[in-house]
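Chemist: Okay, here's the structure, questions in a sec.
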Amino acid sequence: MTLSLESIEVKQVNGVSAQKQSELHAFGIFNVKDLLEYYPFRYEDFRPRTLGEVKHGDKATLVAKVIGIPVLQRFGGKSRLSCKLIAEPWMFTATWFNQQYVREQLTVGREIVITGKWDQKRSQITVTDYEFPDRGGGKTGTLQPVYSVGGKITQNWIRKAINQGLQQFGELIPEILPQSIIRKYDFMPRKRAIATIHNPEDSREGQQGRRRMVYEELFLFQLKVQAFRVLNQRRTDGVVHTVDNATVRQFVRSLPFELTDAQKRVELEILQDMRSPYCMNRLLQGDVGSGKTVLAAVALFATVRSGFQGALMVPTEILAEQHMRSLTRMFEPFGISVGLLTGSVSGRKRKDILAALQMGMLDVVVGTHALIQDDVFFRSLGLVVTDEQHRFGVNQRSVLRRKGYNPDVLTMTATPIPRTLAITVFGDMDVSTLSERPKGRVPITSYWVKHDMLDRVLNLVNREVDQGRQAYLICPLIEESEKLDVQNAIDLYVQMSQHFPNYKVGLLHGRMTPAEKDEVMRAFYNNEVQLLVSTTVVEVGVDVPNATLMIIMDADRFGLSQLHQLRGRVGRGSHASYCVLVADPKSEIGRERMTAMTETEDGFEISRRDLELRGPGDFFGTKQSGLPEFRLADMTADFDILEQARDDAAEMLKDASFWTSPEYAALRTYLQNEQIFQGEIID
Ligand code: ADP
Ligand code: MG
């Protein structure tokens with residue numbers, strides 16, 4: 001057996017004590033493999049420039065000569081050392097803070113290489129790093145890696161430790177990519193790639209090394225995700241739904257509209273999955289208003305008609321009530337019972353629902369997180385649907401799933417994400433996309449106006465309401481303070497009630513009791529309230545087709561996806577709809593958001609721009625996104641590599657010889673060590 005880097009303790013590296021070894025644990029470094037794969041997050045450039053190239057405020061490395069006598073000033077316990085230098089033909093002053101010992105070394109005529117921040121106005125440089133070429137060696141001319149360090153581990157120390165590690169054990173770095181891939185992309189060997197990332201000879205070499213390792217990271221990830229999917233498809237112990245087409249047709253025909261072609265296509269995909277013995281794990285992504293709910297209804301209908309129960313989980317009570325109402329309307333003629341389980345369903349009512357679920361007396365349950373509590377049992381859960389999936393963590397979804405025996409799972413999201421990213425994040429799911437909206441929808445016209453035009457915006461409210469329509473007015477968002485948000489909403493509500501004495505104005509915010517919220521929403525659904533002043537609690541899913549005007553105050557404070565969600569509350573019927581963004585953005589990003597909103601109504605385009613403006617981490621929120629974390633890869637910048645890696649991984653998994661060929665032996669071993677396949681798929 002060959003020695004593997006994982007089995008070598010870090011203290012085997014010369015210069016690393018047992019003490020230091022344990023300090024490295026804080027950085028996730030436990031063995032030599034971890035140490036060598038601890039990559040820098042950027043490089044410091046010590047390649048000399050001439051002053052002609054350097055701009056005010058730049059950090060630069062200069063080759064210079066001492067031409068003056070150093071002057072030392074002391075103040076308090078501190079000191080400042082200044083000395084005149086020349087970097088032909090420019091003369092300037094170099095300043096060291098609190099390093100008076102440098103004085104002796106600054107002899108006139110001696111050559112020095114300094115790195116620091118250039119102050120154009122004073123013709124002065126504050127030195128952060130310096131070297132004397134007559135001493136030999138050094139950093140001059142190099143790119144120095146910068147690592148994430150802290151505590152007793154310093155930049156210089158870790159650089160040395162890694163380099164020492166490379167020297168002693170670099171030869172043991174295994175090649176894991178198959179030769180075919182290395183040849184295809186002309187990648188450098190793994191050993192060299194890792195060494196070069198720590199010590200790039202020049203930036204081009206560093207780039208090549210990085211590119212190779214980024215590819216490797218994404219390729220391994222893709223292999224894993226896709227292998228899970230293959231594995232899942234091989235499992236044949238899922239629920240088999242037996243409902244026939246004629247029965248489903250009956251239900252679809254009872255709907256007040258005809259399904260769009262996109263809806264029909266997705267309906268087929270879902271039914272096919274449900275009838276198979278495989279566990280459905282399907283993501284349905286469709287822009288706001290594309291009509292996802294009705295597909296959830298079809299799937300729920302199919303599970304009930306096959307003799308099972310269905311659950312629909314949504315992120316807010318408002319949404320749960322809304323779905324409860326619309327499902328009841330759709331299912332009543334077929335004798336299918338629907339129950340509601342949210343945080344505000346309690347006591348006797350809750351007990352009854354739980355009992356009915358457990359005994360199989362209730363066909364469909366709609367609810368919030370309340371559905372995943374320990375005391376909720378189903379008699380035969382065949383289908384789990386989650387709406388607005390980005391609001392739920394991966395765990396919450398799987399808790400609900402485990403309440404049945406391998407039920408089919410349908411996940412719906414209105415935050416369409418770029419295809420490539422969907423494949424990365426949800427690579428273990430099949431993805432269905434609703435690409436078109438129902439016919440007869442009039443596009444939403446979006447305006448961006450400044451605050452001083454508010455009066456004219458309010459005239460729009462008059463016009464719409466006089467024509468029988470309704471409007472939303474969304475309050476500004478105060479960062480980190482729901483309390484202030486609520487105060488805003490109340491203030492705005494009072495103002496609007498005075499401004500529109502002839503209309504009924506409603507108020508909705510997160511601090512109201514569920515019953516109060518429900519009351520206001522019901523009044524808005526029934527057009528008893530014409531103008532609804534609200535915080536972002538209406539952001540997801542709310543469906544009132546008669547509402548045609550969405551006004552968002554201080555719109556630049558909201559994220560792009562959130563704005564798009566809010567806008568999606570209108571344009572749901574056949575009337576022309578408007579979205580007015582009231583904002584005086586102070587930041588560039590705020591202005592770009594406003595422009596994006598007025599330029600496009602396409603959710604995919606919006607999310608692409610959002611991603612650009614924020615980067616993927618922010619885009620998906622916290623850890624719960626299930627977004628993988630990579631050492632080197634950046635999913636926005638490395639999209640192209642990701643796509644290649646995905647295709648290569650798919651091809652490799654298709655090829656039966658992957659599992660047995662000696663060419664893949666190293667890769668398989670690596671994957672097993674990383675517990676990527678956990679032996680499940682490699683027989
Ligand atoms: P979302 O995809 O945002 O969840 P919904 O499912 O709430 O969208 O649907 C938006 C509106 O469009 C609802 O009022 C719904 O009844 C209606 N709708 C859905 N499908 C169609 C269709 N094929 N034709 C006409 N209206 C439809
Ligand atoms: Mg919806």
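Chemist: Taking only protein heavy atoms into account and a 1.4 Å probe, give the accessible area per residue of the chain in Å².
Modeler: Accessible area per residue, the chain: 46 Å².
Chemist: Now for a different question. Evaluate the distance, in nm, between pseudo-label points positioned 7 Å from the Cα of residue 78 and of residue 132 along their respective Cα→Cβ axes.
Modeler: Roughly 2.7 nm, to one decimal.
Chemist: So, one more: May I ask you to give the average projected area over all directions of the convex hull of the Cα atoms of the range 27-105, in nm² rounded to one decimal?
Modeler: Numbers: hull surface 35.1 nm².
The orientation-averaged projected area of the Cα hull of the range 27-105 comes to 8.8 nm².
Chemist: Let me ask you something else. Just grab the label-to-label distance for residue 346 and residue 41, each label 7 Å out from Cα along the Cβ direction, in nm (one decimal).
Modeler: 4.5 nm
Chemist: Still on this structure, I have one more. Based only on the alpha carbon positions, what is the Kirkwood hydrodynamic radius of the range 473-606, in angstrom?
Modeler: On the way: mean 1/r = 0.0652 Å⁻¹.
After inverting the pairwise mean of 1/r, the radius is 15.3 Å.
Chemist: Can you spot the lysines whose alpha carbon is less than 28 Å from residue 264's alpha carbon? Ignore those fewer than 8 places along the same chain.
Modeler: Of all the lysines, those that pass the test against residue 264 - Cα under 28 Å, at least 8 places apart if same chain - are 292, 439.
Chemist: Could you tell me the center-to-center distance, by alpha carbons, between the range 330-387 and the range 97-118 in angstrom?
Modeler: The range 330-387 and the range 97-118 have Cα centres spaced 76 Å from each other.
Chemist: Pairwise over distinct Cα atoms, reciprocal of the mean inverse distance: report the Kirkwood radius of the range 279-352 in Å, one decimal place.
Modeler: Taking every pair of different Cα atoms in the range 279-352, averaging 1/r and inverting gives 13.8 Å.
Chemist: Here's something else I'd like to know. Pop the C-beta distance of residue 265 and residue 179 into the FRET formula with R0 = 35 Å and round what comes out to the nearest 0.05.
Modeler: The calculated FRET efficiency here is 0.25.
Chemist: Over its Cα atoms, what ratio of radius of gyration to 2.2 N^0.38 Å does the range 43-166 give?
Modeler: Rounded to two decimals, the normalised Rg is 1.12.
Chemist: Same structure, new question: Calculate one ³J(HN,Hα) per residue across the range 365-370 by plugging θ = phi - 60° into the Karplus curve 6.51 cos²θ - 1.76 cosθ + 1.60, and present them in order as whole Hz with x for glycine and proline.
Modeler: Each residue of the range 365-370 in turn: 10, 10, x, 9, 3, 4 Hz.
Chemist: What part of the accessible area of the chain, given as a whole %, is carbon or sulfur when the probe is 1.4 angstrom?
Modeler: Ligands and nucleic acids excluded, carbon and sulfur give 50 percent.
Chemist: Among 315-325, 121-131, how do they line up by average Cβ neighbours within 10 Å per residue, starting with the highest?
Modeler: 315-325, 121-131
Chemist: Apply the Karplus parameterisation 6.51 cos²θ - 1.76 cosθ + 1.60, with θ equal to phi minus 60°, to every residue of the range 172-189 and state each ³J(HN,Hα) to the nearest whole Hz, in sequence, with x for glycine and proline.
Modeler: 8, 5, x, 8, 10, 6, x, 4, 4, 6, 4, 5, 3, 9, 6, 6, 6, x
Chemist: With everything on Cα atoms, drop me the angle between helix 317-331 and the longest principal axis of the chain, reported from 0 to 90° to the nearest 10.
Modeler: 40 degrees
Chemist: If you don't mind, another one. Given 0.36 nm per residue, what is the gain on full extension from residue 9 to residue 375 after removing their alpha carbon distance, in nm? Please report the intermediate quantities before stating the final value.
Modeler: Numbers: separation 366, 0.36 × 366 = 131.76 nm, distance 4.75 nm.
The span from residue 9 to residue 375 would gain 127.0 nm if fully extended.
Chemist: Same structure again: Roughly what angle does helix 245-254 make with the longest principal axis of the chain, taking Cα atoms, 0 to 90 degrees, to the nearest 10?
Modeler: Value to nearest ten degrees: 80.
Chemist: Assuming a ≥ b ≥ c are the square roots of the Cα gyration tensor eigenvalues, decide whether the range 324-376 counts as rounded (a/c under 1.5), prolate (otherwise, with a/b larger than b/c) or oblate.
Modeler: prolate
Chemist: Taking the mean number of other Cβ atoms within 10 Å as a proxy for protection, how do you rank 213-223, 598-608 from highest to lowest?
Modeler: 213-223, 598-608
Chemist: Where does the range 151-228 land on Rg/Rh, using Cα atoms and the Kirkwood Rh?
Modeler: 1.04
Chemist: Please list, or write none, the aspartates and glutamates whose alpha carbon is within less than 17 Å of the alpha carbon of residue 586, excluding same-chain residues fewer than 8 places away.
Modeler: 452, 479, 554, 556
Chemist: Given R₀ = 56 Å, FRET efficiency for residue 56-residue 482 by Cβ-Cβ distance, to 0.05?
Modeler: Given R0 = 56 Å and the Cβ-Cβ separation, E is 0.80.
Chemist: Taking Rh as the Kirkwood radius, which is the inverse of the mean 1/r over Cα pairs, what is the Rg/Rh value for the range 521-566?
Modeler: With Rg and the Kirkwood Rh in hand, the quotient comes to 0.96.
Chemist: Taking 32 Å as the cut-off for C-alpha to C-alpha distance, list the pairs among 33/59; 33/403; 483/504; 20/139 that go past it.
Modeler: Distance filter (> 32 Å) returns 33/59; 33/403.
Chemist: While we're on this one: What's the angle, to the nearest 10 degrees (0 to 90), between helix 347-359's Cα axis and the longest principal axis of the chain?
Modeler: 90 degrees
Chemist: If each residue of separation counts as 0.36 nm, what is the full-extension length gain between residue 202 and residue 139 once their alpha-carbon separation is subtracted?
Modeler: Additional length available on full extension: 21.4 nm.
Chemist: Sort 162-168, 292-298, 583-589, 564-570 for me by packing, meaning the mean count of neighbouring Cβ atoms within 10 Å per residue, highest on top.
Modeler: 564-570, 292-298, 162-168, 583-589
Chemist: I'd like the per residue volume of the convex hull spanned by the Cα atoms of the chain, given in cubic angstrom.
Modeler: Here the figure is 222 Å³ per residue.
The values are calculated or read from the model by the stated rules, or taken from the named source; none is laboratory data. These numbers were taken from a predicted model, which means no experiment stands behind them. No Cβ is skipped: glycine too gets one built from the backbone with ideal geometry, and neighbour counts run over all protein chains shown. Keep in mind that these areas ignore ligands, DNA and RNA; they rest on the heavy atoms of the full protein, side chains included. Shrake-Rupley method; radii C 1.70, N 1.55, O 1.52, S 1.80 Å.
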